[in-house]
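S.K.: I have a structure I would like to understand better, so I am pasting it below and will then ask my questions one at a time.
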Amino acid sequence: MHEFDWSSIPNALPFLWDGMKISLEITLSAVVFGIVWGTLLALMRLSSVTPLSWFAAAYVNLFRAIPLVMVLLWFFLIVPHLLESLFGFPRGSDMRLSSAIAGFALFEAAYYSEIIRAGIQSVPKGQMGAASALGMTYGQAMRLVVLPQAFRNMVPLLLTQGIILFQDTSLVYVSALADFFGAAYKVGDRDGRLVELLLFAGAVYFVICFTASRIVRHYQNKLKTA
Amino acid sequence: MITMNKVSKHYGSFQVLTDCTTQVHKGEVIVVCGPSGSGKSTLIKCVNGLEPFQSGEIIVNGVSVGDPKTNLSKLRSTVGMVFQNFELFPHMSIIDNLAIAQTKVLARTQEQAREKGFKLLDRVGLRAQAEKYPGQLSGGQQQRVAIARALAMDPICMLFDEPTSALDPEMVNEVLDVMTELAQEGMTMMCVTHEMGFAKRVASRVIFMDQGRIVEDDSKEAFFDHARSERAQQFLAKILHH
Amino acid sequence: MGYNWNWGIFLQPTATGDGTYLGWMFYGFKVTIALSLSAWFIALVLGAVVGILRTVPNKWLSGFATAYVEVFRNIPLLVQLFLWYFVMPELLPENLGNAFKQSNPIVQQFLSSMVCLALFTSARVAEQVRSGINSLPPGQKNAGLAMGFTLSQTYRYVLLPMAVRLIVPPLTSEFLNIFKNSAVCSTIGLLELAAQGRQLVDYTAQPYESFIAVTLAYLLINVVVMFGMRWVEEQVRVPGYIGGK
């Protein structure tokens, strides 16, 4: 049996916290960009302009069909080259964090757009009719009547997707970016205490995600009874 | 056949049934009525143990329902039940709906079970639908199948839990006709229903419930002609005016 | 932009001399398929059991099932994979752990990956099974019991056959997920499809071709699974039954 030695963790806490900040930074920026871009995609998908709805459908289906790891590899290995050759960025500049954020945002937008589309469709058709009858334009009706109701219903799903996204940020490991998991792995590898650090990382993720999903569920129940 | 003695039930602090006492004798048809929320559905579900109760006792054919040692499955297989929403099994054809419990619970052979099933479908006028699925039948037809399914188990008595209240009005009578016929053949029945015409035609006794209590338990003549309690009179006045 | 496209690269012999680059890709493709299918099979069985347990009227059993689901849902897949691959062998009884560590590295990678994906997915399958059972009208269970079925017979003949049909569409997306999630296993060195794509980039200096090829391979898997599951859906469709409630 393995003899546990947790002594390398206390000293490593500042380093691990730096990693956690990166994880949170990626999560938050990707959630914000993902929701904005996802909303636009959902509106395109539902619009009557055929090229727009086709584009949105193709985008969403493409990103939902390929593994996140592949998307991240595209963004770490290929997109920087592309940018270098297109815009003459200096070779070898460290774009890993921005690549990661861009990759996650574009990837998650596909998932967000499906949640948002379902949310918009869950608002009864009569609401759009009633808004139009009051003389609102399509844009006004969408902005003032449909979207607010849709988002209210969607908030729990959007937050749950955010928790999944937070878990998925650990995959930036493929670019050797020191997010929380990357930091834990590095410390464990350095001190020969991989077992302890991995268990610690798992426990931290569990506590954060479990608590967050409990809060979301609580909010969801409140929505239901309201 | 069925004896209830001071049956009480509560969910937390909410009292659903209070000291319900009555008997159903062999061959009797009892109609249970009352305003919604009065506990009549709960009472009938206590008879075959689908709803547990905290105090009192129910004896069905000599077996105590509340006794933890009682084999409830065995007891239930002798008591037929028909539900408000039919509850046919949507993934099985009509004939399989009739056969499944016969083979799995009573250990009849597939041939015996199907033969019995066809006979009962004949009886409720649905032989032609035997190979269809529940979703392809009308509500009234589904409820007749549900009655046939219960009868296939050769029950010693039948429980009906608002069998017509989920039906479109034009389908109510086809179901009541089957129930009337059954009553006339001497089946022991306990029916929760608002169909007062049915009660007048076939009931031996009427039980009126309000707020979890049995308020009236009398012959149908006594109940309809001079109900004693004010609440029963009000209830009848509301229902019979339509 | 000065990039030399060369799709012929796939037919060239590899730098290590073991066949062509296309052969590498195909090997990775086979590993992805084998890994995903074996993990999927285990996930279905485990997920069904755990999902059913979550709905039974027994506090201990349903509590255990809930804890199971929460653990596997709230730890990132990558972390779970590393726990299975690096930590589990250390926690096993010594002879078992050593036997694992002395086995062929490919076997180690494959087994860890399979167990990880299977358990991770089983928690999600369990959630689908549970919500499938719970979405059936409550009267169905009573109807089964009222006919004299025992609780387990009621599950077997009444609840599960319908629940299974209701969850085919959501299971399709879990089935797709397991192929996508299998790409995570490249991180412990398993040479599946994504890892082969990456290796090709290192060896050939033709990154676009190899990444496009790998991406297309995932799209192909996606399309095949979707058609397959649609076929399954049609096979189990109940005549006259319109959706769940």
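S.K.: Only one of A:A57, A:A102, A:A131, A:A141 is within 28 Å of A:K21 (Cα to Cα) and in a helix (DSSP H, G or I); which?
M.R.: Within the list A:A57, A:A102, A:A131, A:A141, the selection yields A:A102.
S.K.: Moving on to the next point. Which pairs do you get when a residue that is under 13 Å from B:C20 (Cα atoms), found in region B:48-73, comes within reach of a residue that is open to solvent by less than 40 Å² (accessible area, probe 1.4 Å) and among the basic types (K, R), reach meaning Cβ atoms under 7 angstrom, with the pair 6+ apart or on two chains?
M.R.: Listed pairs, sorted by first residue: B:F53/B:K9; B:Q54/B:K9.
S.K.: How about region A:35-84: which of its residues are closer than 21 Å to A:S175 by Cα and either away from every other protein chain (no Cβ under 14 Å) or at pLDDT below 90 (or both)?
M.R.: A:L73, A:W74, A:F75, A:F76, A:L77, A:I78, A:V79, A:P80, A:H81, A:L82, A:L83, A:E84
S.K.: Does B:T70 satisfy the condition of being open to solvent by less than 40 Å² (accessible area, probe 1.4 Å) and within 14 Å of chain C (Cβ to nearest Cβ)? Before the answer, list the steps.
M.R.: Values: open to solvent by less than 40 Å² (accessible area, probe 1.4 Å): yes; within 14 Å of chain C (Cβ to nearest Cβ): yes.
So B:T70 passes the test.
S.K.: Further, regarding this structure: Given the residues A:R143, A:R117, which is the only one that is within 27 Å of A:I215 (Cβ to Cβ) and open to solvent by 40 Å² or more (accessible area, probe 1.4 Å)?
M.R.: Working: A:R143 fails: within 27 Å of A:I215 (Cβ to Cβ).
That would be A:R117, the only listed residue that is within 27 Å of A:I215 (Cβ to Cβ) and open to solvent by 40 Å² or more (accessible area, probe 1.4 Å).
S.K.: With the checklist (1) more than 18 Å from A:L97 (Cβ to Cβ); (2) at the interface with chain C (Cβ under 10 Å from one of its Cβ atoms); (3) without any contact (Cβ under 8 Å) to a residue 40 or more places away in the chain in hand, flag the one item A:Y185 doesn't pass.
M.R.: It is condition (1) that A:Y185 fails.
S.K.: Then there's this: Taking B:P90 and the conditions (1) closer than 17 Å to B:M158 by Cβ; (2) open to solvent by less than 20 Å² (accessible area, probe 1.4 Å); (3) touching a Pro at 6+ places or on another chain (Cβ under 7 Å); (4) not aliphatic (A, V, I, L, M), which numbered condition does it fall short on, given that it satisfies the others?
M.R.: Every listed condition holds for B:P90 apart from (1).
S.K.: Within region A:120-140, take every residue that is buried (at least 17 other Cβ atoms within 10 Å of the Cβ) and under 26 Å from A:V216 (Cβ atoms) and give me the one that is modelled with the lowest pLDDT. Walk me through it before giving the result.
M.R.: First pass over region A:120-140, keeping only residues buried (at least 17 other Cβ atoms within 10 Å of the Cβ): A:120, A:123, A:128, A:131.
Then drop every residue that is not under 26 Å from A:V216 (Cβ atoms), which leaves A:120, A:123.
On the way: A:I120: 91, A:V123: 88.
This residue is A:V123.
S.K.: Further question on the same structure: Just give me the residues in region B:100-137 being within 11 Å of chain C (Cβ to nearest Cβ), open to solvent by 50 Å² or more (accessible area, probe 1.4 Å) and over 24 Å from C:R156 (Cβ atoms), in sequence order.
M.R.: Once the filter is applied, which keeps residues that are within 11 Å of chain C (Cβ to nearest Cβ), open to solvent by 50 Å² or more (accessible area, probe 1.4 Å) and over 24 Å from C:R156 (Cβ atoms), region B:100-137 yields only B:Q136.
S.K.: Next up: If I ask for residues that are open to solvent by 10 Å² or more (accessible area, probe 1.4 Å) and in a helix (DSSP H, G or I), which ones from region A:185-194 would you list? Write out each step before concluding.
M.R.: Let us first name the residues in region A:185-194 that are open to solvent by 10 Å² or more (accessible area, probe 1.4 Å), namely A:185-186, A:189-194.
Of everything in region A:185-194, those that are open to solvent by 10 Å² or more (accessible area, probe 1.4 Å) and in a helix (DSSP H, G or I) turn out to be A:Y185, A:K186, A:D189, A:R190, A:D191, A:L194.
This table checks each residue for (1) within 22 Å of B:F223 (Cβ to Cβ); (2) of a type in the set (F, W, Y); (3) outside any strand (DSSP E or B).
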| site | (1), (2), (3) |
| --- | --- |
| B:Q15 | no, no, no |
| B:I30 | yes, no, no |
| B:P35 | yes, no, yes |
| B:L43 | yes, no, yes |
| B:I100 | no, no, yes |
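S.K.: Same structure, new question: Sort through C:L77, C:L117, C:L81, C:L151 and tell me the only one that's at pLDDT below 95 and among the hydrophobic types (A, V, I, L, M, F, W, C). Before the answer, list the steps.
M.R.: Working: C:L77 fails: at pLDDT below 95; C:L117 fails: at pLDDT below 95; C:L81 fails: at pLDDT below 95.
None of the other options fit; the residue is C:L151.
S.K.: Go through region A:1-16 residue by residue and tally those that are assigned to a helix (DSSP H, G or I) and either at pLDDT 95 or above or within 14 Å of chain C (Cβ to nearest Cβ) (or both). Before the answer, list the steps.
M.R.: Residues of region A:1-16 assigned to a helix (DSSP H, G or I): A:8-16.
So of that shortlist, the ones also either at pLDDT 95 or above or within 14 Å of chain C (Cβ to nearest Cβ) (or both) come out as A:16.
Number of matching residues: 1.
S.K.: Looking at B:P163, B:P169, B:P155, can you tell me which residue is open to solvent by 10 Å² or more (accessible area, probe 1.4 Å) and either closer than 14 Å to C:A146 by Cβ or modelled with pLDDT of 95 or more (or both)? Don't jump to the end; show me each part of the working.
M.R.: Numbers: B:P163 fails: open to solvent by 10 Å² or more (accessible area, probe 1.4 Å); B:P169 fails: either closer than 14 Å to C:A146 by Cβ or modelled with pLDDT of 95 or more (or both).
After ruling out the rest, the residue left standing is B:P155.
S.K.: When you check A:S98 against the structure, is it out of contact with any Pro (no Cβ under 9 Å at 6 or more places or on another chain), within 12 Å of chain C (Cβ to nearest Cβ) and open to solvent by 60 Å² or more (accessible area, probe 1.4 Å), yes or no? Break it down stepwise before answering.
M.R.: Numbers: out of contact with any Pro (no Cβ under 9 Å at 6 or more places or on another chain): yes; within 12 Å of chain C (Cβ to nearest Cβ): no; open to solvent by 60 Å² or more (accessible area, probe 1.4 Å): yes.
It is false that A:S98 is out of contact with any Pro (no Cβ under 9 Å at 6 or more places or on another chain), within 12 Å of chain C (Cβ to nearest Cβ) and open to solvent by 60 Å² or more (accessible area, probe 1.4 Å).
S.K.: Looking only at region B:1-39, count every residue that is of a type outside the set (D, E, K, R), over 30 Å from B:E181 (Cα atoms) and in contact with a helix residue (DSSP H, G or I) (Cβ under 8 Å, 6 or more places away or on another chain) and tell me the total.
M.R.: So the answer is 3.
S.K.: Residue by residue through region C:54-95, note down the ones that are within 14 Å of chain A (Cβ to nearest Cβ), part of a helix (DSSP H, G or I) and surrounded by fewer than 12 Cβ atoms within 10 Å (Cβ to Cβ). Break it down into steps so the answer makes sense when it comes.
M.R.: Here is the first cut: in region C:54-95, the ones within 14 Å of chain A (Cβ to nearest Cβ) are C:66-95.
Cutting the leftovers down to part of a helix (DSSP H, G or I) gives us C:66-73, C:77-91, C:94-95.
Result: C:A67, C:E94, C:N95.
S.K.: Further, regarding this structure: Scan region C:76-94 and report the pairs whose first residue is of a type in the set (V, I, T) and whose second residue is assigned to a helix (DSSP H, G or I) and open to solvent by 40 Å² or more (accessible area, probe 1.4 Å), with Cβ atoms within less than 8 Å and a gap of 6+ or a chain change.
M.R.: Close Cβ pairs satisfying both conditions: C:V87/A:L199.
S.K.: Of the conditions (1) open to solvent by less than 40 Å² (accessible area, probe 1.4 Å); (2) more than 9 Å from chain B (Cβ to nearest Cβ); (3) closer than 30 Å to B:S77 by Cα, C:S152 satisfies every one except a single condition; which number is it?
M.R.: Single failed check for C:S152: (1).
S.K.: I need the full set of residues from region C:147-180 which are under 20 Å from B:A150 (Cβ atoms), hydroxyl-bearing (S, T, Y) and in a helix (DSSP H, G or I), in order please.
M.R.: C:T154, C:Y157 - these are the residues of region C:147-180 that are under 20 Å from B:A150 (Cβ atoms), hydroxyl-bearing (S, T, Y) and in a helix (DSSP H, G or I).
S.K.: Would you please list the contacts, defined by Cβ atoms under 8 Å and residues six or more apart or on different chains, that run from a residue in region A:116-132 that is farther than 30 Å from A:F33 by Cβ to a residue that is modelled with pLDDT of 85 or more and not in a helix (DSSP H, G or I)?
M.R.: Note: no pairs meet the criteria.
S.K.: With the requirement that a residue be within 11 Å of chain A (Cβ to nearest Cβ) and either surrounded by 21 or more Cβ atoms within 10 Å (Cβ to Cβ) or in contact with a Cys (Cβ under 9 Å, 6 or more places away or on another chain) (or both), what does region C:167-179 give you? It would help to see each step written out before you state the result.
M.R.: Here is the first cut: in region C:167-179, the ones within 11 Å of chain A (Cβ to nearest Cβ) are C:173, C:176-179.
C:I178, C:F179 - these are the residues of region C:167-179 that are within 11 Å of chain A (Cβ to nearest Cβ) and either surrounded by 21 or more Cβ atoms within 10 Å (Cβ to Cβ) or in contact with a Cys (Cβ under 9 Å, 6 or more places away or on another chain) (or both).
S.K.: Quick one: in region C:208-245, of everything that is within 17 Å of C:F26 (Cα to Cα) and at the interface with another protein chain (Cβ under 8 Å from one of its Cβ atoms), which residue is most open to solvent (accessible area, probe 1.4 Å)?
M.R.: Residues of region C:208-245 within 17 Å of C:F26 (Cα to Cα): C:209-222, C:224.
Narrowing the set further to residues that are at the interface with another protein chain (Cβ under 8 Å from one of its Cβ atoms) leaves C:211, C:214-215, C:218-219, C:222.
Values: C:F211: 0, C:V214: 0, C:T215: 15, C:Y218: 4, C:L219: 46, C:N222: 19 Å².
Out of the qualifying residues, it is C:L219.
The values are calculated or read from the model by the stated rules, or taken from the named source; none is laboratory data. For clarity, every value in this text was computed on a predicted model and none was experimentally measured. Every residue, glycine as well, gets a Cβ built from its backbone with ideal geometry; the counts of neighbours run over all protein chains shown. These accessible areas exclude ligands, DNA and RNA; they are computed on the full protein's heavy atoms, side chains included. Shrake-Rupley method; radii C 1.70, N 1.55, O 1.52, S 1.80 Å.
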